[in-house]
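Here's the structure, in structure tokens; my notes come after.
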Amino acid sequence: MIDSRRAVIYSLSANKELAADVANRLGTKVSPVQINHFADGEILCVPQTSIREKDVYIIQSTYNPVTENLFEILVFLDALKRASARTINVVIPYFGYARQDRKSKPREPITSRLVADLLKTAGATRVITIDLHAAQIQGFFSCLVDELTAIPEIANYFRGKVNDNFVVVSPDHGGVNRARRVAERLNLPLAIIDKRRTKPNVAEVMNIVGDVEGKDCLMVDDMIDTAGSANAGAKALKANGAKSVRIACTHGVFSGPAAERLLDGTFDEVVTTNTIPLPEKMKDPRVHVINLAHIIARAIENIEAGDPVSDIYTDK
């Protein structure tokens, strides 16, 4: 619970159901906001109640349309700053532009740093997010950052479903730490798909590191976009003798042909969370969505109480 006289929850155009669930768990309601998208593309976001000297929490993921959702946050931050909010906390369950976190080629932008700077300049006091694409992105922010994780929830979901024949699989070398954390919680072995990404959204599987023959494989990733690499990885696992393949991720972006690739029979189950609302094309009995509202609510509750945010995982 939070004191509604001191703290206010807002939702913009994205994640309205998630924000309502978070507010309900905190014993309050989402406060009203006026959001206008004008014919020429300009955006106006205005709080409809006084927030002077209050702690404000905005819940909004920056998924498709990424730039519109991001700019709603920026415009609203400016409004809140000018309305004399005490603190402005931006809850971004899915942080878009996180894949542009370094210069891998000459003249490439580091857009995740740019977004971090924009949020701070617009007025953010703190950013709360879930499973960044790369942990070092925290260092791009000059304001406070709390990175929550869905790994305990994903592991808990599979705890009663796996047996000794299961193996946790990282879809690439960059995700090994994430997959290992799930494997350790489930006391399962780990395998790695060695792949090369030739260009954005295109990956070529080179090799499988680990024993997957006759095994039930659980792939763990931070996000699924077009599902090209996920589909290729699953087919490579089966070509190496895997009995079945499941996949779990924190962020279900599910762009373009993702639904066709994930629901073509290659995967026995697809598990994601509600950091991004599940699109209609992905609503299928094989798809399960884990609700993270309680994690976000507890983080807000602990911040308001001055307690460590890490305490929300002590019972996991």
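The values are calculated or read from the model by the stated rules, or taken from the named source; none is laboratory data. These figures come from a predicted structure and were not determined experimentally. Quick reminder, even Gly has a Cβ in these numbers, built from the backbone with ideal geometry, and neighbours come from all protein chains shown. Heavy atoms of the whole protein, side chains included, go into the accessibility calculation; ligands, DNA and RNA do not. Shrake-Rupley method; radii C 1.70, N 1.55, O 1.52, S 1.80 Å.
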(request) Tell me which residues come under 5 Å, amide H to amide H, from Val127 once H is placed; ignore anything under 5 positions away on its chain. (result) Val90, Leu144, Val145, Asp146
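So what is the diffusion coefficient of the stretch 1-140 in µm² per second by Stokes-Einstein at 10 °C and 1.306 mPa s, using a Kirkwood Rh over Cα pairs?
D, rounded to a whole number, is 102 µm²/s.
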(message) Given a 1.4 angstrom probe, I'd like the percentage of the accessible area of the chain that is carbon and sulfur, rounded to a whole number.
(response) 48 percent
(message) I'd like to check one number: the per residue accessible area of the chain, probe 1.4 Å, reported in Å² as a whole number.
(response) 45 Å²
(request) Could you go through the stretch 158-164 in sequence order and give the Karplus-derived ³J(HN,Hα) for each residue, using 6.51 cos²θ - 1.76 cosθ + 1.60 with θ = phi - 60°, rounded to whole Hz, and x for Gly and Pro? (result) 8, 4, x, 9, 9, 9, 5
(request) Could you work out the mean projected area of the convex hull around the alpha carbons of the chain, in square nanometres to one decimal? (result) 16.7 nm²
(message) My understanding is that a pair violates if its Cα-Cα distance is over 27 Å; which of Lys235/Lys283; Lys195/Lys243; Lys16/Lys283; Lys81/Lys281; Lys215/Lys281 do that in this structure?
(response) Lys81/Lys281; Lys215/Lys281
(message) Rg over Rh of the stretch 1-76, using C-alpha atoms and the Kirkwood radius, what does it come to?
(response) 0.98
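Is it possible to state the helix-based mean residue ellipticity at 222 nm for the chain, with each DSSP H run of 4+ residues giving -39500 (n - 2.57), the sum divided by total residues, to the nearest 500 deg cm²/dmol? What is it?
Mean residue ellipticity at 222 nm (helix-derived): -8500 deg cm²/dmol.
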(request) Name the residues whose placed amide hydrogens come within less than 5 Å of the amide hydrogen of Ala83, ignoring near sequence neighbours (fewer than 5 apart) on the same chain. (result) none
(request) Using only the alpha-carbon atoms of the stretch 113-193, report the extent along each of the three principal axes, biggest first, to the nearest angstrom. (result) 51, 24, 12
(message) Highest mean first, how do 299-311, 214-226 rank when packing is the count of other Cβ atoms within 10 Å averaged over residues?
(response) 214-226, 299-311
(request) Averaging sequence separations of C-alpha pairs under 8 Å and six or more residues apart, then dividing by the length of the chain, give the relative contact order as a whole percent. (result) 13 percent
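Computed FRET efficiency, Cβ-Cβ of Arg6 and Asp268, R0 51 Å: what is it to the nearest 0.05? Don't skip to the answer; put the middle values down first.
On the way: r = 47 Å, r/R0 = 0.93.
The value I calculate is 0.60.
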(request) Take the Cα radius of gyration of the stretch 44-93 and divide it by 2.2 N^0.38 Å, with N its residue count; two decimals is plenty. (result) 1.12
(request) Work out how much length Asn64 to Asp307 would gain on full extension: take 0.36 nm times their residue separation and subtract the Cα-Cα distance, in nm to one decimal. (result) 84.1 nm
(request) Give a residue-ordered list of calculated ³J(HN,Hα) values for the stretch 5-11 (Karplus: 6.51 cos²θ - 1.76 cosθ + 1.60, θ = phi - 60°; whole Hz; x for Gly, Pro). (result) 6, 10, 10, 10, 10, 10, 10
(request) State the Cα centre-to-centre distance between the stretch 131-188 and the stretch 11-45 in whole Å. (result) 29 Å
